[in-house]
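The values are calculated or read from the model by the stated rules, or taken from the named source; none is laboratory data. Note that the coordinates shown come from a computational prediction; the quantities given were computed from them, not determined experimentally. Quick reminder, even Gly has a Cβ in these numbers, built from the backbone with ideal geometry, and neighbours come from all protein chains shown. For accessibility, only protein heavy atoms count, side chains too; no ligands or nucleic acids. Shrake-Rupley method; radii C 1.70, N 1.55, O 1.52, S 1.80 Å.
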Amino acid sequence: MSSTEYTDQDFAGLASEMEKDEQAGKFQSKFWSPKNEGTTPVRIISPLKEFNETKFYMKYRQHYVGGHPYLCLNQTLVDKDGKVHEAEDCPICKKVKQLYNLSNNNRESEEAKLASGINAKDRYVCRVVVRGKKGKDGADEEAKPEFYEFGKKIFEMLFNAIKLGECGNFLSLKT
């Protein structure tokens, strides 16, 4: 067995760490999200040319295990301080691969279903201004940018709107 093999003992250690997270309390996202009812008008902030941004969003991959999010380690990311975190072997990805191998290409097997549930999902983050936002004291907070995290479906809707030109240049500050 190679040292890169993700063993059941490794996986048991992961379960122990996740249990600590579970006992620490329910996960609270650091991102803004719309209310479940009605519509919330937002303004997507365009890429900042001064930082050489070419896209209005950042894409990353995330695992969800036991209802808790875990960044996939198999991606190179830059943190808020500009420090680069190089991609490395991801223990959850290794377990996903093992589970898929155990499933013998049977998508209905328990192993395949478990692998699909914990496999990394594409996530996107962009800066938005929430129109009409008020603080707890009723003061206007519309000018304060928020980070909005969304999944593949919303990304595809935005991509199609841009590709098909349905909404015009919705990133323009003038229009």
Residues of the stretch 56-68 satisfying the condition of being out of contact with any Cys (no Cβ under 7 Å at 6 or more places or on another chain) and at pLDDT 90 or above: 58, 59, 60, 64, 65
Residue in the stretch 69-88 that is of a type outside the set (A, V, I, L, M, F, W, C), in contact with a Leu (Cβ under 8 Å, 6 or more places away or on another chain) and at pLDDT 90 or above present: yes
Those residues of the stretch 100-115 which are part of a helix (DSSP H, G or I) and of a type outside the set (Phe, Trp, Tyr), in sequence order: 101, 102, 110, 111, 112, 113, 114, 115
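If I filter the stretch 120-133 down to residues being under 14 Å from residue 56 (Cα atoms) and open to solvent by 40 Å² or more (accessible area, probe 1.4 Å), which single residue comes out as farthest from the chain's Cα centre (by Cα)? Spell out the reasoning first.
Filtering the stretch 120-133 for residues under 14 Å from residue 56 (Cα atoms) gives 123-129.
Next cut, open to solvent by 40 Å² or more (accessible area, probe 1.4 Å) only: 123, 127.
Values: 123: 3, 127: 14 Å.
Among those residues, the one meeting the criterion is 127.
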Qualifying residue in the stretch 55-65 (condition: farther than 21 Å from residue 154 by Cβ and not hydrophobic (A, V, I, L, M, F, W, C)): no
Residue list for the stretch 28-84, restricted to those being open to solvent by less than 70 Å² (accessible area, probe 1.4 Å), among the β-branched types (Val, Ile, Thr) and in a loop (DSSP other than H, G, I, E, B): 40, 45
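From 136, 163, 97, grab the single residue that is exposed (fewer than 10 other Cβ atoms within 10 Å of the Cβ) and assigned to a helix (DSSP H, G or I).
Working: 136 fails: assigned to a helix (DSSP H, G or I); 97 fails: exposed (fewer than 10 other Cβ atoms within 10 Å of the Cβ).
Answer to the selection: 163.
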Residues of the stretch 139-160 that turn out to be within 19 Å of residue 46 (Cα to Cα), open to solvent by 100 Å² or more (accessible area, probe 1.4 Å) and either of a type in the set (A, V, I, L, M) or within 15 Å of the chain's Cα centre (by Cα) (or both), as a count: 2
Cross-chain or 6+ apart pairs with Cβ under 8 Å, the stretch 1-17 first and farther than 17 Å from residue 68 by Cα and of a type outside the set (A, V, I, L, M), then at pLDDT 75 or above and not in a helix (DSSP H, G or I): 4/89
